[in-house]
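Here's the structure, in C-alpha cells; my notes come after.
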C-alpha cells in the first residue's frame, strides 16, 4: 500500500448497506402510497416492497390475446374495450386492479399460484377511490407477461358471483386449450396423472400454503407458475417468488458490503483522489439488471456485484457527479 495513505480504521469509512436497503424499500413503498409502514427490518421491508411491485402490472405495450371461451357481456363491452386499448397502448392498468392493492400485507392467492391477475371493467372513476375505475361484478382474468396479455375469461365475482372463482382450475384448462406454447414452461411431461382436485380442495390447500398441480381434460399436467407458489413466509402465504427474490437481494447486499470491507484499503486509492475522509459508501440500487450497486459519495466511485453470478468479482467505475456535467 502506498505510504501516503495512512492505514484505514473503521472510523475512516461509513457503510451500512442493509440500513440503506431498508430506507430505499420504505421510500419506494411510500411512493406507491403506503404510509403506515410498521417495520424497519430490511428483509421484511424488501419482501413487502417486492410483493407490492409484483401485484402491479408494469406499464408497457403488450399484445392482447383473447381466448375462444371469452364472452363479453353487453354492459361490459365499453369497459373491456377501454382496458384492451390501455394494454395495447402501454398505459397504467393499476386503476383496473383489485381494491385490495392498497393493503400492504395482502397476498393474492391466484396471482401467487398461477400469475393470473383480475381486472375490473369500469369506465368511470370509483366514487370511493378516484384512483380506481368503477368496481364491476364481472371481471376479466388474465395472465400478463412482459410483451403479451392473455385474456382468459370474464366471470362474476363477489357476493353475487362465482364463490370459488379464484380457485377454479378451469382457468388453466382455458389457457391450455388456447395458448399451449405460452403454457409449455409450466407443463410436466412424463408424470403420472392425478385425480383433478375440486375447487374446494384447491382453496383448502392454498389456505395452508400449498398449491396443487392442475390436470386438464386431456391428461396434461401443469405445475403452478414457477416462482409464484404460496408459502408460509414472514407474512402469511407470501408468494415464493417474493420470498426467494427478497432473500437473493438481502444476501447480495450483505455480500457487497463484505466485499467492500475486505477490499477497502485498495478501494481507498480511488476514493482518496477527492481528499475527503470519512468515506461514505451507500447502496444505490438492488434491481439494476441483476446487479446490486453502491457508491462512495465524495469520490462518486461506483461499485457493483452480480446478484446471480455471485460476489466473486467487484466491478468499480467512476461515475459523473451531477454538478460536473456540462
Tell me the strands (runs of 3 or more DSSP E) entirely within the stretch 94-176 that contain at least 1 residues that are crowded, with 19+ Cβ neighbours inside 10 Å and under 16 Å from the mean Cα position of the chain (by Cα). 116-120, 138-144
Selection count where residues are surrounded by 16 or more Cβ atoms within 10 Å (Cβ to Cβ), farther than 22 Å from residue 113 by Cα and in contact with a helix residue (DSSP H, G or I) (Cβ under 7 Å, 6 or more places away or on another chain), scope the stretch 65-90: 2
Can you run down the residue pairs with Cβ atoms below 8 Å, 6 or more apart or on separate chains, where the first is in the stretch 19-37 and within 17 Å of residue 251 (Cα to Cα) and the partner is surrounded by fewer than 16 Cβ atoms within 10 Å (Cβ to Cβ)? 22/40; 22/41
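FYI, it's all coordinate maths here, none of it is from the lab. Just so you know, these numbers come straight off a predicted model, no measurement behind them. Reconstructed Cβ throughout: ideal geometry from the backbone, glycine too, with neighbour counts over all protein chains shown.
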